[in-house]
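Each reported figure results from applying straightforward, stated rules to the coordinates on display, with no laboratory input. Quick caveat: nothing in here was measured; it's all calculated off a predicted structure. When we count neighbours, we look across all protein chains shown, and the Cβ atoms used for this are built from the backbone with ideal geometry, even at glycine.
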Amino acid sequence: MPALATRTVPPTTLDNPAGGAFGLIFTTLPALLRLTCGLVGAVVALSVPGSPVEPALLLPGVAALTGWSLWYAHRALRHGITPALVAGDVAVTAAACLLIPVLVAPRVLPGEGSWIAVLASTTVINTQATAPARLSIPAGLLILATYATGAQAAGNPTEARAHATTLLVQTACTAMMTGVMRRRIGRADRAFVEHQRLTRKALVARAARDAEHQHNRDLHDTVLGTLTMVGLGAVAGPSAAFRDRCAADLRTLVALTDVGPVAGDGPVPLDGRLRLVAGRLPELPVSLDLASCTVPAGVADAISESAYAALSNVVRHAPGARATLRLSRDAIGVVVEVADDGPGFDPATVPPHRYGLRESIRGRMVAVGGRADVHSAAGAGTRIRLEWPGVG
């Protein structure tokens, strides 16, 4: 019977989930902000004509800025915001600021409410959110300088100073806010990566412990069990059954060295597996009471090998005893009982280094989400109950 195989798959590594979310947000928002500003600005620019603004200059300028806004939003949403896209946005905005005298009517320039003022503020904010500080701050200062130059050339030094101050504050505040967010997000990502590293390390250690326990169970149920029988005098002389048992032990040890695929989880008849278990111990009289039942293959392996370990204990420690192997289904799920009329023992006195009950039986059942209870007392025989909470 193949041993129960388990496989632990470590979680997929994500290097910067917080940084990825930050990048997504600060790509979508600037794209939508630039698109909205471009479209609204075009409507405002065309609805407030006035000398010295000439339609022959205004219309191409508005068309170019609107086209740029549409292109910026398209590229940002499809491919992300690249340094070239940021540089292009700063260059277009700076050029528009220098053309304030021919793009903005004098009567709407004061009060920082012109469409070029909104364009400049939008570009400053977007640049701080999408570029590193070493580049975004100089870009913000460039927009500030070109806006002040354009407003001054339009004959409104008050507007030049007022909105230049506003742009300076926007540059500073947005740069500081974005810097703090980037640092916090970087810390969160580093903590997440460290958590994943520790989780993978714990999973590897657990898999190693599980493999060690599995090998201990297999060795206990084969070579060690057979040697114990010999040591207790259960084999008095040449025996065909003993030769068969040694051959089965050898096949099990060879199988342990063959690393193959994990056993599938398709349903298999557990009652059939348990009949084979009883047949592996011809020297032990076993009464069978097996209800028809199917369970996943891995669960069938665990239950049948646990039952085999329990019956092997009867052969080793209760020579001449008779055993009963029952399989039933109840409200709990699948229940297998191995009972014998041997001398019994006190489970509390079993040394901790003994693997029979702890690993070959309890350990196997726990590994598949089940449990094993041992009831025994001196002179009262032994009953081992295996439970798995599910029925195929």
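Below is a table of values for the structure above.
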read-out	value
Whole-Hz ³J(HN,Hα) from phi, Karplus 6.51 cos²θ - 1.76 cosθ + 1.60, for region 75-85, glycine and proline x	5, 5, 6, 8, 10, x, 8, 9, x, 5, 5
Förster radius 45 Å - calculated FRET efficiency between Ser287 and Ala202, Cβ distance, rounded to 0.05	0.50
FRET efficiency estimate (nearest 0.05) - Cβ-Cβ, Ser47 to Ala84, R0 30 angstrom	0.35
Rounded, prolate or oblate (a/c below 1.5 giving rounded, otherwise prolate when a/b exceeds b/c) for region 47-175 by Cα gyration tensor	oblate
Relative contact order, percent, region 17-193 [alpha-carbon distance under 8 Å, six or more residues apart]	26
Cut-off 19 Å, label 7 Å out along Cα→Cβ of Met177, residues of region 20-35 by amide N	21-35
Phi to ³J(HN,Hα) by Karplus 6.51 cos²θ - 1.76 cosθ + 1.60 over region 142-151, Hz, x for Gly, Pro	5, 4, 4, 5, 5, 5, 4, 5, x, 5
For Val268, distant residues with modelled amide H under 5 Å away	Val295, Ala297
Backbone HN-Hα couplings from phi across region 305-313 [Karplus 6.51/-1.76/1.60, Hz, Gly and Pro as x]	5, 5, 5, 4, 4, 5, 5, 5, 5
Label point distance in nm, Leu276-Val374, each placed 7 Å from Cα along Cα→Cβ	2.6
